[in-house]
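The values are calculated or read from the model by the stated rules, or taken from the named source; none is laboratory data. The shown structure was predicted, so the numbers you read here are calculated from the model rather than taken from an experiment. Here Cβ is always computed from backbone atoms with ideal geometry, including for glycine, and neighbour counts include all displayed protein chains.
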Amino acid sequence: MLSVRPKVAELAYHVYGRPLHPELFEVHAHRKIERDCYNLSVDITTSGHVIRFSSDPLVLTEVTASAQHPLPQRRCLVEGQLSKTHRESLNYRESIVYDAQFSVESVPSALFVQLQEELQQFGAENSIVHNFDSSGRISMGGFSFIHLQCRAQSVQLKSVHTFPDDHIVVKSISSFRIQEQ
């Protein structure tokens with residue numbers, strides 16, 4: 001199966017107050033974590049990631065995907081284009097506190113190659129990674145890396161998605177925390 005990144009200019013993020021059907025995405029890597037207070041599902045997809053955090057009965061889903069990707073509108077709490085730097089915060093039904101920071105960085109060619117090679121060497125136990133095929137324009141394919149830090153009542157995810165055709169790196173830090181009632 002050929003897995004090539006879309007153009008970075010097409011990227012958008014969405015946050016849903018519900019799960020999304022897995023059939024909506026082409027998943028290249030998957031990780032699931034179950035804790036007493038929450039379940040976490042993390043997928044690396046063609047254009048970024050899908051993170052689903054659930055603490056019964058509530059679910060929050062963060063998606064980075066192409067703006068052309070057909071996604072539902074029902075219970076979409078937040079959406080926007082990925083550009084330069086953006087922060088998002090949400091207190092979902094006074095039960096789950098969600099915070100995210102996204103950044104899109106242009107990197108010089110030589111530094112981009114070095115960064116991608118270093119990321120590929122950093123395969124930690126609490127991470128998921130995927131190497132994408134080359135688009136054909138240059139020999140290097142994109143790379144996705146998501147590091148998970150899971151605690152008893154919270155989780156923080158640091159992601160890096162590379163787009164070699166444009167020498168762009170998309171970074172995000174997302175956290176989900178169960179608020180004490």
Could you give me the residue pairs with C-beta distances under 6 Å whose first residue belongs to the range 115-135 and is free of Cβ contacts under 8 Å to residues at least 24 places away in the same chain, whose second residue is surrounded by fewer than 18 Cβ atoms within 10 Å (Cβ to Cβ) wherever it lies, and which are 6+ apart or on separate chains? Ser127/His147
Working only within the range 80-104, note down all residues that are loosely packed, with under 15 Cβ neighbours inside 10 Å and under 16 Å from Glu10 (Cα atoms). Gly80, Gln81, Ser83, Lys84, Thr85
Exactly one of (1) in a strand (DSSP E or B); (2) surrounded by 15 or more Cβ atoms within 10 Å (Cβ to Cβ); (3) without any contact (Cβ under 8 Å) to a residue 60 or more places away in the chain is unmet by Ile44. Its number? (3)
Taking the range 105-141 on its own, how many of its residues are aliphatic (A, V, I, L, M) and in contact with an Asp or Glu (Cβ under 8 Å, 6 or more places away or on another chain)? 1
Quick one: which residue in Arg93, Arg74, Arg35, Arg52 is at pLDDT 90 or above, basic (Lys, Arg) and within 14 Å of the chain's Cα centre (by Cα)? Arg52
Out of curiosity, is Arg87 among the basic types (Lys, Arg), part of a strand (DSSP E or B) and within 27 Å of Gln179 (Cα to Cα)? yes
All but one of (1) outside any loop (DSSP other than H, G, I, E, B); (2) in contact (Cβ under 8 Å) with a residue 24 or more places away in the chain hold for Gln68; which doesn't? (1)
If I go through the range 135-167 residue by residue, how many of them are surrounded by fewer than 20 Cβ atoms within 10 Å (Cβ to Cβ) and either among the charged types (D, E, K, R) or in contact with a Gly (Cβ under 8 Å, 6 or more places away or on another chain) (or both)? 6
Qualifying residues in the range 55-71 (those that are over 27 Å from Arg35 (Cβ atoms) and exposed (fewer than 13 other Cβ atoms within 10 Å of the Cβ)) - the one modelled with the highest pLDDT: Pro70
Quick check: is even one residue across the range 16-28 in a loop (DSSP other than H, G, I, E, B), of a type in the set (Phe, Trp, Tyr) and at pLDDT 95 or above? no
Specify the residue that is farthest from His86 (Cα to Cα); the eligible residues are those in the range 105-125 that are over 16 Å from the mean Cα position of the chain (by Cα) and surrounded by 15 or more Cβ atoms within 10 Å (Cβ to Cβ). Val113
